[in-house]
Amino acid sequence: MSFDFHEPASIAEAVALAARFGTEARFLAGGTDLLVQIRRKRVAPRHVVSLHRVPGLDTIDANGEIRLGALVTHRALERAPAFQGALRALVEGARVVGGHQIRNVGTVGGNIVNASPAADVVPVLLVLDAAVTCVGPNGAREMKLDEFLLGPGETALRPDELLTSIRFPAPALRSATGFLKAGRRRAMEISVVCVAVWLSLDGDDRCAGVRISLGAVGPRALRSCDRPVESSPRTVSRSRTSAHRQPTGGFSWKHSFRARSGQR
Amino acid sequence: MSRIALALTINGQRHDVLTEAHRTLLDVLRADLGLTGTKENCLEGECGVCTVLLDGMAVDSCLLLAAQCQGREIVTIEGVSSRGGDDVLARAFIDCGAVQCGYCIPGMIISATAFLDEHPSPSEAEVREALAGNLCRCTGYQKIVDAVLAAGRTSGTETRGDAR
Amino acid sequence: MKTRVLGKSLPRFDAPGKVTGTLVYAADFSLPGMLVGKVFRSTEAHARLAHLDTTRANGLPGVRGIITAADVPDVRYGGAVKDETVLARDRVRYVGQPIAAVAATTLEAAEAALAAIVATYEPLTPVFDVETATAPDAPLLHPDWRTYTAMPILHREGNVCNRARIVAGDVERGFAEADRIFEHRFRTAMVHQGYTEPRAAVAQWDSAGTVTVWSNTQLPFEIQNTLAEILAIAPSKIRVVVPGIGGGFGGKLRVGVEHVAALLAKRAGRPVKVLTTAEEELTAAYPRQATIVELKTGVTRDGRITAKHGRIWFDTGAFAGSGPGVASVATLVLAGPYRIPNLDLEGHAVYTNKTNCGSFRAPSGPQSNFAVESQMDIIADALGLDPLDFRLKNIVREGDEGPTGQVLNAVGLEECLVKAADAIGWNDRRPGRWRGKGLACGRWTTTGGSSGVYVKINTDGTIALNTGAAEIGTAALTGAAQVLAEELSVDLEDINVVSADTFSTPFDFGAQGSRTAFAVGNACRAAAVDLTRQLYALAAPHLGVEPEACALRDKHVVADGKSLSLAELARLSQATGGGLIAHGTFIAPPTPYDTKRVESHAYPAFHSPSFHAHAAEVSVDPETGEITVENYVVAQDVGFAMNPTYIEGQIEGGVAQGLGQALSEEIVYDGGRVRNPNLTDYKMPTTLDVPRVQTILVQHPSLVGPYGAKGVGEPPNIEPPATVANAIAAATGVRITSLPITAEKVALALRDVTARSAES
């Protein structure tokens, strides 16, 4: 591997470099995936455009609507005070990515753009109905994450575009999220299957809406359920328990399978 | 392929390095600076033997370009003891019999250092979670976990509580 | 026994260098002007190598030398069968086989050169499994196998590079005496040792034609001899030095990178370092063989085993490697640690187009024990017997015979079984729904071979211990140093160890086979006896007594109320002679066995055998098959615990590695290619996958080991797969007969049970 290294100081500069070098360039966020891809000779960029000097890409804005800069790390997601409640699935998804060493560096934006079907945070963002902002030479455009992801390693991102941020609505008052994953080991595992759930209740403790997304079971994370459901308050309270369960050691197959099959 | 000049702060000292852009922090530490306490194995962030501190966080130096590290504080196993009173961990690893072949140990100690900085008196489950990115094939982890728990107790009551 | 240092959990002498990062491992080693060596490997599983073109690669910048088969001595080498060449000459036999090697100034230049080498292949029919390889008219991997030099005792035929056999009594009569006969088939996967330090070697030639190789080998003297063969030079021209080693587990026994480094260094005229990648490790190293095991066992209604017919096939890969020996050892394990009067046990090592398998901590042990001990539980269940009672009814006891007629002594097996069962809470085998307990037991050898040490008393009273053995992480040399310190009445810190340099240290058979602390410890005792005699002879005139009146006490020779320190005596000895130095040696006495019971057998008896029992409690998720090992107990008869902490460490680590083989690890081949050649997909246990292990040290002193010690390192790796399989069966009622036991296998088996019960 050999390449030239660029350190743009702004989004505009970064995008200009990408436009100039086209498919020969790769953006470097955390690098935890790109460097592996380069070593395995799956990609061979001639130019690596590091984003670490671009200001503002690593912030979490949780006043009202939530906005994540593309360079927000998994570590930052895990520790964000705003995600310890109704958005806890973000924490649960982030904390099972690699070891601490990876999570301290790897970014949400990198994870999305990498488009692994098994990316753990992606199903969470899908159930949160997230949208991504991509900036190119002709300005910014926004699209739903669901439309952005196309297949393994494939997204709607153009070669001269940079994914700069992810946003999703603030959680409704009576809503919760959950995330679980399964794999052969309890850590350092690429998901065999992972699942994220978003659920909201109405004033009578009835389920007002549910969204479920599955990772690692198709060419990209799938939104398998997205509709209001009818249920009794009793069922709902059980679901809430499940959604708030904090998996010890990262995950449990049992709960992920139940979530998928809609049992209990 | 051009070389770039980097000023890296490693273990509190500035090192000026002229290197190719593709070279990782691990490459520079081991080959250019002779800091071989940081080990090399899988080169994909799966084994943790190359773990160093970057601004106080444990990171895999095999997945970090040296060029990304300018202006940041790097601490390797060689520098851990220079942080003052920190051979508590090294001592605990020896006392608990946690060292066998020893090749994973520098990475373990670095991960544990970052972890104890944030969790001065952890539970066993927390320690295990914190070390999940560091593979060891000799020990079954038991005495390593014990060593980190012991270091947590020691430093939590003596030095660490005030120092950080 | 009141001791000064022995039997105490003292810290190992090499710990400070390891926790500070200052100890230099082979992978860390470098020399000025050193080049990077890389290997060009076959992309075909079985093919004729029609053409090899290195001209373009040779002209690339930074390239300082390329070697192909044409550039190296035309030598076939190997252990039991000399069927290997350094580089493929006209035929490749597995994906990853070395064809050429490059030395270049940088890794990038070396990789660019590899990319520029062109190999042209003409495909041959590949053979990917032992069933195909042993079928009539199977394509032969080595059509010239008859012409190869091999150990004369081997039984070879086509793709089978050994068939070892034990026959005792009359199995047919034994089966006739049985009330029930059980037949089962088991499979195990190929697994890697997983040492954290990749294999590494640096080679440098001097003007006198001597090559020095710094390598992380477990066997420096073996490497010296193999290099002499490969390089076609005298062994005295080859110096092998072992710096720190980041784990071996049997994977660093055979020449792997040393020959490539030496040949490249010669070609380039500069030192060369070869360091393997994770991909090379998982595609072209010496992993544990996948196996198929078939067992037929006869028992009486009341649970006495009357006969066993066992066969195991080792998928040894493209070359014999350790296969012929491992197939022999397996037959001893297939007997189980049981009294069985009638035995017919066969071990086959079979060539296939895969990487050449080797030795991995207790070679053949986990595979054979998994089958034997799984079947023991199946039989106990069928007879309505408690698995512990069934074992206790059949286990070997003091004075019993082993399968080849060796007489067993210091047999601590019953104590191990009972203590392990007690500790796991055996009286409640199914403590809850989807929760169960299992146990397994076994025995293992303490490998023989000789060890020598030089011991010198320094003028400051410290001791230099010079040994040819390498410290691979087990703390075996700390144990040996404890023996020496005890014998000389000094402290462990007084012993300075110099190890593993074929030019300066005495011969040692190597860090393998659970023998290092055992054999080097005994050599230390011998040296101490000699040194003590020298000390007394030297001190006696000064103390005004006869030598017989002297004694060693706390770093002094004492007699008649007077004393001289070891330091004083060392100085005296320099003034009067050549200093205080002794050469201690040890070789385990041969273990007698009945030669008529074995055929083509390379390992007919277990020396100073150890005994062990493991017990586990698991929980299983019935919907997903997910397995959690909740508790784990090991009771191991170690003879005498030289350093309890490090013995616990061996056991805890052996269990973790065994659980990996039991539950998560496998090198997956598909059409001759490894599908998971990286540590993302080759799944070794993490901190979150391994339970705490409770260790119970049982001590039935062996007759031969130092202070009664037995080999410790390999055994804990043997029983985990069977133990976990039995616990899973207790928890779920389903029996998984192949390794690894993944959640998928358990879930599917449970689904089958549900489907069957729905039908009936």
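Within the stretch C:474-486, does at least one residue satisfy the condition of being within 25 Å of C:Gln193 (Cα to Cα) and under 15 Å from the mean Cα position of the chain (by Cα)? Among the residues of the stretch C:474-486, at least one is within 25 Å of C:Gln193 (Cα to Cα) and under 15 Å from the mean Cα position of the chain (by Cα), which makes the answer yes.
Apart from one condition, C:Leu140 fits all of (1) more than 22 Å from the chain's Cα centre (by Cα); (2) in a strand (DSSP E or B); the exception is (2).
Scanning the stretch B:36-60 for residues that are within 13 Å of the chain's Cα centre (by Cα) and not in a strand (DSSP E or B) yields B:Thr36, B:Gly37, B:Thr38, B:Lys39, B:Glu40, B:Cys47, B:Gly48, B:Val49, B:Cys50, B:Asp55, B:Gly56.
Quick grid of which residues meet (1) within 14 Å of chain B (Cβ to nearest Cβ); (2) closer than 19 Å to A:Leu128 by Cα; (3) buried (at least 20 other Cβ atoms within 10 Å of the Cβ):
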| site | (1), (2), (3) |
| --- | --- |
| A:Pro45 | yes, no, yes |
| A:Thr59 | no, yes, no |
| A:Leu77 | no, yes, yes |
| A:Val91 | yes, yes, yes |
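Each residue in the stretch B:109-119 was checked for being part of a helix (DSSP H, G or I) and more than 9 Å from B:Leu89 (Cβ to Cβ), and 6 pass.
Taken over the stretch B:77-135, residues that are more than 7 Å from every other protein chain (Cβ to nearest Cβ), under 10 Å from the mean Cα position of the chain (by Cα) and of a type in the set (A, V, I, L, M, F, W, C) amount to 5. Figure legend. Inter-residue proximity from the stretch C:428-442: first residues modelled with pLDDT of 95 or more, second residues aromatic (Phe, Trp, Tyr), beta-carbon distance below 8 Å, spacing 6+ or different chains. Indicated pairs: C:Lys437/C:Trp426; C:Leu439/C:Trp426; C:Cys441/C:Phe611; C:Gly442/C:Phe611. For the stretch B:127-164, residues that are part of a helix (DSSP H, G or I), surrounded by fewer than 16 Cβ atoms within 10 Å (Cβ to Cβ) and either modelled with pLDDT of 95 or more or of a type in the set (Ser, Thr, Tyr) (or both) total 1.
Table: residues versus (1) without any contact (Cβ under 8 Å) to a residue 60 or more places away in the chain; (2) touching a Gly at 6+ places or on another chain (Cβ under 8 Å).
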residue	(1), (2)
C:Asn678	no, no
C:Thr687	yes, no
C:Leu703	no, no
C:Val724	no, yes
C:Ala730	no, yes
C:Ile736	yes, no
C:Val753	yes, yes
C:Arg756	yes, no
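The set of residues in the stretch C:8-51 being more than 13 Å from chain B (Cβ to nearest Cβ) and surrounded by fewer than 19 Cβ atoms within 10 Å (Cβ to Cβ) consists of C:Gly33, C:Thr43, C:Arg48, C:Ala50, C:His51. Taken over the stretch C:553-571, the criterion of being surrounded by 16 or more Cβ atoms within 10 Å (Cβ to Cβ) and touching a helix residue (DSSP H, G or I) at 6+ places or on another chain (Cβ under 6 Å) is satisfied by C:Lys555, C:Val557, C:Ala559, C:Leu564, C:Leu569.
Take the residues in the stretch C:489-498 that are touching a helix residue (DSSP H, G or I) at 6+ places or on another chain (Cβ under 8 Å) and surrounded by fewer than 24 Cβ atoms within 10 Å (Cβ to Cβ); name whichever of them is nearest to the other protein chains (Cβ to nearest Cβ). Ranking the candidates gives C:Leu492 first. Applying the criterion of being within 13 Å of C:Ala189 (Cα to Cα) and either free of Cβ contacts under 8 Å to residues at least 24 places away in the same chain or small (Gly, Ala, Ser) (or both) to the residues of the stretch C:356-370, the residue that is surrounded by the most Cβ atoms within 10 Å (Cβ to Cβ) is C:Ser368. Screening the candidates B:Leu63, B:Leu29, B:Leu33, B:Leu25 for the property of being facing another protein chain (nearest Cβ under 8 Å), closer than 30 Å to A:Arg53 by Cβ and over 10 Å from the mean Cα position of the chain (by Cα) yields one hit, B:Leu63. Exactly one residue out of C:Ala57, C:Ala26 is within 17 Å of C:Thr277 (Cα to Cα) and either within 29 Å of the chain's Cα centre (by Cα) or touching a residue at least 60 places away in the same chain (Cβ under 8 Å) (or both), and it is C:Ala26. Scanning the stretch C:83-133 for residues that are under 28 Å from the mean Cα position of the chain (by Cα), in a loop (DSSP other than H, G, I, E, B) and surrounded by fewer than 18 Cβ atoms within 10 Å (Cβ to Cβ) yields C:Phe128, C:Asp129.
Going residue by residue through the stretch A:233-251, is there one that turns out to be more than 28 Å from C:Ala747 (Cβ to Cβ), at pLDDT below 95, in a loop (DSSP other than H, G, I, E, B) and over 18 Å from the mean Cα position of the chain (by Cα)? No, because not a single residue in the stretch A:233-251 is more than 28 Å from C:Ala747 (Cβ to Cβ), at pLDDT below 95, in a loop (DSSP other than H, G, I, E, B) and over 18 Å from the mean Cα position of the chain (by Cα). Filtered by the rule that a residue be under 22 Å from the mean Cα position of the chain (by Cα), assigned to a loop (DSSP other than H, G, I, E, B) and at the interface with chain B (Cβ under 8 Å from one of its Cβ atoms), the stretch C:648-679 gives a lone residue, C:Leu679.
The values are calculated or read from the model by the stated rules, or taken from the named source; none is laboratory data. Just so you know, these numbers come straight off a predicted model, no measurement behind them. Glycine gets a Cβ as well: all are built from the backbone with ideal geometry, and neighbour counts include every protein chain shown.
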